[in-house]
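Asks: My structure is below; once you've seen it, I'll send some questions.
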Amino acid sequence: MPQSYFSESAMAFNQRLAALTPSALPSLPTGYSFMNPFANGLALEISREFYLKYYHDGRPRAMILGINPGRHGAGRTGVPFTDSQRLEGVLGIAARGLQTYEPSAVFIYKLIALWGGAASFCGSFYINSPLPLGLLRINQRGQAVNSNYYDSRALQERTQPFIIQSMNSYLEMAIQQDVAWVLGQGKNYLFLDRLNSQHHWFKRLVPLPHPRYVVQYKRRDMDSYLQHYRQSLQRKGSEQ
């Protein structure tokens, strides 16, 4: 059963992530590692303030599903698609010394502004990822870079049980199950649509272009993509 406040459910989910030990996580292919945003406590503190500020009520939310946290967004702040600039400049939450920039956050916070601000948007939607832990891989230069759970078949197979577990946990919150939106019209959507057909988390999944794709490749058309997002999200529960 959902807890009385949405914030309590969201914070409890993050607390469980913070308590994970390496032995509790799936083994990953060589060259990959997990990035747990909540392992050092700072992201846990920031996210707690976020949920208490914007989710401390009993209203149900519709869900928006990303991929997995990135190094410069939720991987540092604990708040999905949020870097330190948006954290302080829009949400009014101290970044505690963090200085990060996440391209996807640019798009998401333009959308939030179109929606009437963070209080209005967060009152309707809950964003998180099917894999709520970040993934890093070592590139040819020996540097750790972001990875997606679907970047290889082996990686996808190793993370799938944890993804299923996380999705089941989300539905213990006050999540509306008529429709959810998936950020990423390719592999992310196809993977989640297949799992959804097996586990029946939502009646319908609606794919949307990933914010990173828009910012990186379609920036001149950003306004039209924002309108597409807005129109899709406004048609909650209707045929699209």
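Asks: So for the range 156-163 (the condition being more than 30 Å from G31 (Cβ to Cβ), loosely packed, with under 14 Cβ neighbours inside 10 Å and modelled with pLDDT of 95 or more), does at least one residue qualify?
Replies: At the first step, the residues of the range 156-163 found to be more than 30 Å from G31 (Cβ to Cβ) are none.
Checked against the condition, which is being more than 30 Å from G31 (Cβ to Cβ), loosely packed, with under 14 Cβ neighbours inside 10 Å and modelled with pLDDT of 95 or more, the range 156-163 yields no hits at all.
Asks: Oh, and also: Pairs needed: first member in the range 184-195, touching a residue at least 24 places away in the same chain (Cβ under 8 Å) and charged (D, E, K, R); second member anywhere, outside any helix (DSSP H, G or I) and surrounded by 19 or more Cβ atoms within 10 Å (Cβ to Cβ); C-beta distance under 6 Å; at least 6 residues apart or different chains.
Replies: K187/Y150
Asks: Separate question: Considering A74, A39, A10, which residue is within 18 Å of the chain's Cα centre (by Cα), among the small types (G, A, S) and under 21 Å from Q176 (Cα atoms)? Before the answer, list the steps.
Replies: On the way: A74 fails: under 21 Å from Q176 (Cα atoms); A39 fails: under 21 Å from Q176 (Cα atoms).
From the options A74, A39, A10, the qualifying one is A10.
Asks: Checking G70 against (1) surrounded by fewer than 23 Cβ atoms within 10 Å (Cβ to Cβ); (2) touching a Gly at 6+ places or on another chain (Cβ under 8 Å); (3) modelled with pLDDT under 95, only one condition comes out false. Which one?
Replies: (1)
Asks: OK, next. Against the conditions (1) more than 26 Å from A10 (Cα to Cα); (2) open to solvent by less than 40 Å² (accessible area, probe 1.4 Å); (3) within 17 Å of the chain's Cα centre (by Cα), where does Y213 fall short? Just the number, please.
Replies: (2)
Asks: Which residues, counting only those in the range 119-131, are touching a helix residue (DSSP H, G or I) at 6+ places or on another chain (Cβ under 7 Å) and either open to solvent by 10 Å² or more (accessible area, probe 1.4 Å) or charged (D, E, K, R) (or both)?
Replies: Answer for the range 119-131, where residues must be touching a helix residue (DSSP H, G or I) at 6+ places or on another chain (Cβ under 7 Å) and either open to solvent by 10 Å² or more (accessible area, probe 1.4 Å) or charged (D, E, K, R) (or both): A119, N128.
Asks: Going through the range 4-48 one residue at a time, which ones are in contact (Cβ under 8 Å) with a residue 40 or more places away in the chain and open to solvent by 70 Å² or more (accessible area, probe 1.4 Å)?
Replies: Passing the criteria: S4, Y5, R16, S27, E45.
Asks: Would you tally the residues in the range 58-70 being part of a loop (DSSP other than H, G, I, E, B) and over 13 Å from the mean Cα position of the chain (by Cα)? Explain how you work it out, then say what you get.
Replies: First, the residues of the range 58-70 that are part of a loop (DSSP other than H, G, I, E, B): 58-60, 66-70.
Among the residues that remain, those that are also over 13 Å from the mean Cα position of the chain (by Cα) are: 58-60.
The total comes to 3.
Asks: Could I ask something else about it? Only one of these conditions is not met by Y51: (1) surrounded by fewer than 17 Cβ atoms within 10 Å (Cβ to Cβ); (2) modelled with pLDDT of 95 or more. Which number is it?
Replies: (1)
Asks: If you go through the range 101-114, how many residues are open to solvent by 10 Å² or more (accessible area, probe 1.4 Å) and either more than 18 Å from the chain's Cα centre (by Cα) or within 13 Å of T77 (Cβ to Cβ) (or both)?
Replies: Residues in the range 101-114 being open to solvent by 10 Å² or more (accessible area, probe 1.4 Å) and either more than 18 Å from the chain's Cα centre (by Cα) or within 13 Å of T77 (Cβ to Cβ) (or both): 5 in total.
The values are calculated or read from the model by the stated rules, or taken from the named source; none is laboratory data. This is a predicted model, so every value here is computed, not measured. Note that each Cβ is placed from the backbone with ideal geometry, even for glycine, and that neighbours are counted across all protein chains shown. Side chains are part of the model used for accessible areas, which takes the heavy atoms of the whole protein and leaves out ligands, DNA and RNA. Shrake-Rupley method; radii C 1.70, N 1.55, O 1.52, S 1.80 Å.
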